[in-house]
Structure formats: structure tokens, C-alpha cells
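First comes the structure, then the notes that go with it.
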Amino acid sequence: MADSDFGWKFAQCFGDKGEVEDITEVDVLGNVVQVSQLYFQYAADIISTVEFDHTGDYLATGDKGGRVVLFERNDGKKGCEYKFYTEFQSHEPEFDYLKSLEIEEKINKIKWCKRQNAAHFLLSTNDKTIKLWKVFEKSLKVVAENNLSDGLRPQNGRIQQLRLPKLTHHDTIIAAVPRKVYANAHAYHINSISINSDGETYISADDLRINLWNLNISDQSFNIVDIKPVNMEELTEVITAAEFHPLHCNLFMYSSSKGTIKLSDMRAAALCDQHAKLFEEQEDPANKSFFSEIISSISDVKFSKDGKYILSRDYLTLKIWDITMENRPLKTINIHDHLRNKLCDLYENDCIFDKFECTFSGDGQNVLTGSYNNYFHIYDREGLTDIALQADKSAFKAKRAGSAKNKMLRGKNNKKEEINVDAIDFNKKILHASWHPNENSIAVAATNNLFIFTCV
């Protein structure tokens, strides 16, 4: 990706492509109130997770309405383009009567199982329940011939010739059925699921515990990490993300709200409270402030495909770690350095708690993460180039008008354009994205739209 000027371009957009209009309402005092239609009409359609499968031929999204939508590669088109495959309701809203808590249907994570036959298997989870879905092509058959198919009644109640009913192919549909439901194992909200390289087990993580599951056993799991203190008043950190090593089935890592990443080995003990490695960068005491702990909380961690590097994202930075070097990251990339002076305002509007995801490219040479104003950034692993693209409806309009141009900010050698902080729309943010495993194509979720960008 040496030339950032002639690389990435907008390819596709799924979802509502029209402008969201504000509607005017009058409150009880007669005051005119502007209410965005987006809040009412599209709240359930807001995409909450995006994930390519291991081949890149299929793409899954989950939304706040508990739906999973699958797309498949459109082989009839040039380049990396997708078409609708199927959609199904994965989770429904529930109510925990013991704790008097509503359980949202929002899909937190989707993970594909490696394909072993004609069917697809994938895991989806909301805050409490994980489900294993089987998605497959189903042939619909109808009765094409029977004794009364011509509509004539037999004379004297006798049938002269007995014809056996025949079933013929009528149509092929894409069916989705839940094969397993893994429930009642988490007291707190599930934030991560990760399938092991052995293809048989997976982990699920909530704020205080990580459980190990066998994909074939839904009524039993093993608790492998438990950081819950005896006295909850002594709680100082929570688990924010967890992932299995891509090659070694005994290794997994998890990140915390204290800005640390712990690598654990399941061969060492049944309960992996004693980590094998601790990746942590000591904070300069001169920079310590009221917001230090909040902005140092890691929102996402990912292994590179070869398992040699770790990518972590906190509110202000993106860090690349060498798995053999624990005391400091190989590279720290400042994403939101321009927001350091706005932390007080961001705390008041809760944006400081936004959880941005991050991901490696398939070859491990580039990294991706999101930002505000619907911008997302692509960096090379050394952090020398910054390509900032905007997942905006203007990109769709530009393509429809016959132009490949869309809004871009290009920074070379860290010479970035000045950003007007006051002009940033903090309601527009790229939290979720996924990189094609074998190509330079990415899927980005922007509110209720799915954008595909590709590098040619």
C-alpha cells in the first residue's frame, strides 16, 4: 500500500441510502421540537457487528434488533461485490425476572465456524445467550401427482388406476436453524466470543469471567478466568475483550479496563488466573489525569493471522505489540490526539466510553480502526501512512453519478491535515469493521448502512 492516492475506493453500500429527514413535533408546552427519524425508524437496524468468514466469500452483520443478515460474494461482478444471501432473527428481547432486568436482543458478536460441508455454521451472541446457527440450502418439494390431481371424482367410488403421489422439486430456500443454545453461563454481559483453532471449542467472555465451551455441548462450560473479587467493592478492573491464538489452541488473551493485555496458557492450570505474559505500557505520571483510567481502557484486541503480533485499541490510540515483547508496544498510533482537550465534553456526552474495534489485514501488513464523522483509518504496520476514508452516503451518490470519488483525507509520513474539532459529529462513528481474509477489501458499519471498500 505504498501509494495511498490511487488505492482505496468505495465499492458498495447496503441499507437505507436516502437522506434522514428531521421531523418536527410540538411538546405539551407548545415548543417546537426537532426529532430525528433515525432514532425511531432505524434504531433496530443499527449494525452492531460485522464479520467475514474464513474464505471471504460470505459476510455477516448483526443489528440491534437481534437480526443476522448474511451476504455472499457476487461472482458475476468484477471486483469485490456482495449480494444478499439470507436474513434471520437470531435473538429476541427477554426479561430476567430474578434480577428484574431487560435483556436486549442486540447482537454483540458473530463468529463463523470453518466450513466443513455444504452448510454454514456461525455463533451469535447477545448479552446473555450464545447460539450456534446452521445455514443451509433447503429444497422445497410439492406433491405433483396423486389420484385426485385432475379434480375428477372416481366413479362408483372406485379408482380404476392407482397412482402413487410424486414429490417434485419446487424451489430452493436458504434456511437457518439454531443447532445449539448456550445459555445461563454468564452473570454479566458477554462482550466477546472466539472460536479455537482446533474447531471444537470456543471461549465467551463477560466483564468478570471467561468460559470455555465445546461446540457440541450446550449445557456445560468450564470457567477458565475469574477476576471477580470476594468483595465487589474491591473491584478495580473488568475484562473488555478476549480472543484465542490463531495457531496454538492452548493460548488465548484477554484485555482489561486498566489497559493491560494478558496472555494465558490453558496447559498451565485449569483456572488461568496466573497469566503467562502481561503486555502493559507504563503511563507517564506527568500525563495522569481524572480521565487516564477511562481512556486507557482497551476496547478491542486482535491477533495477527500468524499470531506473532497483537493489535489493541483504546480511546485515543492504536497499539501494535510483538508477542515476544511485553514491556512496550512496537508502535503506538495516535488516532484521537486532537480530542485530548475535549475529554471533559466527551465524558459528559458519554462518547469517551465508545468502544472502537480494530483489525489486522489478512497479510498482517496493515491495520484498521474507526473514528468519528464516519471516518475510518488504515495504517501500515509501521504507522508511516494514514489513509482516512469516510463511510458516507456521499460515496454512494458519487458512484451513482459515475464517479469513484468519495471523501478522503490522506496523510503521508504522519503529516495530517488539521481537524476542526468543533465540526466533528460525534453521533456518526465507525465502531465495527472487518477485513477480508485474503484481499484488500473491508466491510464497515456506519449506523444502519454497510459499506464495502476495496483496494485496486
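With every protein chain left in place, what is the accessible area per residue of the stretch 197-325 in square angstrom, probe 1.4 Å? Could you put the intermediate results ahead of the total?
Values: 6030 Å² over 129 residues.
Result: 47 Å² of accessible area for each residue.
What FRET efficiency, computed as 1/(1 + (r/R0)^6) with R0 = 35 Å and r the Cβ-Cβ distance, is obtained for residue 347 and residue 55, rounded to the nearest 0.05? Each step should come with its number before you reach the end.
Working: r = 42 Å, r/R0 = 1.21.
Taking R0 as 35 Å, the efficiency between residue 347 and residue 55 is 0.25.
Remark: the residue 96-residue 169 segment gains 21.8 nm on full extension, using 0.36 nm per residue and subtracting the alpha carbon distance.
Applying 1/(1 + (r/R0)^6) with R0 = 45 Å to the Cβ-Cβ distance of residue 233 and residue 85, what FRET efficiency is obtained, to the nearest 0.05?
Calculated value: 0.35.
Take every Cα pair under 8 Å whose residues are at least 6 apart in sequence, average their separation, divide by the length of the stretch 57-141, and the relative contact order is 21 percent. Let a ≥ b ≥ c be the square roots of the eigenvalues of the Cα gyration tensor of the stretch 80-130; is it rounded (a/c under 1.5), or, if not, prolate (a/b larger than b/c) or oblate? Prolate, because a/c is 1.5 or more and a/b exceeds b/c.
Phi angles across the stretch 309-319 convert, under the Karplus curve 6.51 cos²θ - 1.76 cosθ + 1.60 with θ = phi - 60°, into 3J(HN,Hα) values of 10, 10, 10, 10, 10, 10, 5, 9, 9, 10, 10 Hz, Gly and Pro given as x.
Leaving out ligands, DNA and RNA, what percent of the accessible area of the stretch 242-334 is carbon and sulfur, probe 1.4 Å?
Using a 1.4 Å probe with all protein chains present, the stretch 242-334 comes out at 51 percent carbon and sulfur.
Each part reduced to its alpha carbon centroid, the stretch 318-373 and the stretch 51-94 end up 27 Å apart.
For residue 289 and residue 189, a Förster radius of 30 Å and the Cβ-Cβ distance give a FRET efficiency of 0.60, rounded to the nearest 0.05. Label separation (residue 118 vs residue 269): 4.9 nm, computed from points 7 Å beyond Cα along the C-beta direction. Per residue, the stretch 330-397 exposes 38 Å² of solvent-accessible protein surface, assessed with a 1.4 angstrom probe and all protein chains in place.
Taking loop as defined by DSSP and a crowding limit of 13 other beta carbons within 10 Å, which trypsin sites (Lys or Arg not before Pro) in the stretch 158-260 fit?
Details: sites: 158, 163, 166, 179, 180, 209, 258; in loops: 158, 163, 258.
Within the stretch 158-260, the qualifying trypsin sites (Lys or Arg not before Pro) (loop, at most 13 other Cβ atoms within 10 Å) are 158, 163.
Simple spin-label estimate for residue 179 and residue 306 gives 3.3 nm between the two label positions (7 Å along the Cα-to-Cβ direction from each Cα). Remark: the stretch 313-376 is approximated by an ellipsoid whose semi-axes, taken from the C-alpha gyration tensor as √(5λ), come to 25, 15, 9 Å, largest first.
Largest first, the residues 85, 97, 379 sort by 1.4 Å accessible area into 97, 85, 379.
If each residue of separation counts as 0.36 nm, what is the full-extension length gain between residue 276 and residue 326 once their alpha-carbon separation is subtracted? Each step should come with its number before you reach the end.
Numbers: separation 50, 0.36 × 50 = 18.00 nm, distance 1.07 nm.
Length difference between fully extended and current span is 16.9 nm.
In this rough spin-label picture, where each label sits 7 Å from Cα along the Cβ direction, the residue 337-residue 426 distance is 2.2 nm.
The values are calculated or read from the model by the stated rules, or taken from the named source; none is laboratory data. Since we're looking at a predicted model, the values are computed, not measured. As a convention, Cβ positions derive from the backbone with ideal geometry for all residues, glycine included, and neighbour counts pool all protein chains shown. With ligands, DNA and RNA removed, areas are computed over all heavy atoms of the protein, side chains included. Shrake-Rupley method; radii C 1.70, N 1.55, O 1.52, S 1.80 Å.
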